[in-house]
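A quick write-up on the structure given underneath.
The values are calculated or read from the model by the stated rules, or taken from the named source; none is laboratory data. Keep in mind it's a predicted model, so treat the numbers as computed, not measured. Don't worry about glycine lacking a Cβ; one is built from the backbone with ideal geometry, like all the others, and counts go over all protein chains shown.
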Amino acid sequence: MTRITEAERVFLARAEAVTEKKRTRAAHYEQQLQGLIAERQHGDISKVPHLLKIATKLARTQAAQEAHTEKVNSLRAKQHADRSVIRLCAEANKLAGTDGANFFTKAGKIFQNQQETPDEP
């Protein structure tokens, strides 16, 4: 487990706005696509290339939205794990008092470093 970086913090801070923008864009493309499909059903085939273009944009937007959501969820889980370790060390320091505080702080750092190294076969 690695600690969350500053860039990841900034990403998470902007994540909700980006998610909303992607939702709005996808809804816009869906609305356009529905209009073009309705025109196509009335026999207007001149809009078929535009219909395919909008369908492609919609598919790309939805894929980007899914990837964004997956990254946000991953970073939030990572952030939660970081905070849990910090809370655990803080509680241990409170229980240990001044003498044991350095021990538990060092133990927390060791715990984090052990999770950062890959398992050896």
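Search the range 1-38 for residues being small (Gly, Ala, Ser) and exposed (fewer than 12 other Cβ atoms within 10 Å of the Cβ), and hand back the single one that is modelled with the lowest pLDDT. Give the derivation first.
Step one: list which residues in the range 1-38 are small (Gly, Ala, Ser), which gives 7, 13, 15, 17, 26-27, 35, 38.
Pick out the ones that are also exposed (fewer than 12 other Cβ atoms within 10 Å of the Cβ) and you get 7, 13, 17, 38.
On the way: 7: 89, 13: 90, 17: 92, 38: 84.
Applying the filter and picking the extreme gives 38.
Could you list, in sequence order, the residues of the range 6-55 that are under 17 Å from residue 79 (Cβ atoms) and over 14 Å from the mean Cα position of the chain (by Cα)? Break it down stepwise before answering.
Of all residues in the range 6-55, those under 17 Å from residue 79 (Cβ atoms) come to 6-16, 18-19.
Correct list: 6 only.
Suppose we filter the range 25-74 for residues that are assigned to a helix (DSSP H, G or I) and either hydroxyl-bearing (Ser, Thr, Tyr) or touching a strand residue (DSSP E or B) at 6+ places or on another chain (Cβ under 9 Å) (or both); how many remain?
Looking only at the range 25-74, we keep the residues that are assigned to a helix (DSSP H, G or I), and these are 25-41, 48-74.
Of the ones still in play, those that are also either hydroxyl-bearing (Ser, Thr, Tyr) or touching a strand residue (DSSP E or B) at 6+ places or on another chain (Cβ under 9 Å) (or both) are 29, 56, 61, 69, 74.
The number of residues fulfilling the criteria is 5.
To keep it simple, each residue is scored yes or no on (1) at pLDDT 85 or above; (2) within 23 Å of residue 5 (Cβ to Cβ).
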| position | (1), (2) |
| --- | --- |
| 40 | no, no |
| 46 | no, no |
| 56 | yes, no |
| 62 | yes, no |
| 65 | yes, no |
| 72 | yes, yes |
| 78 | yes, yes |
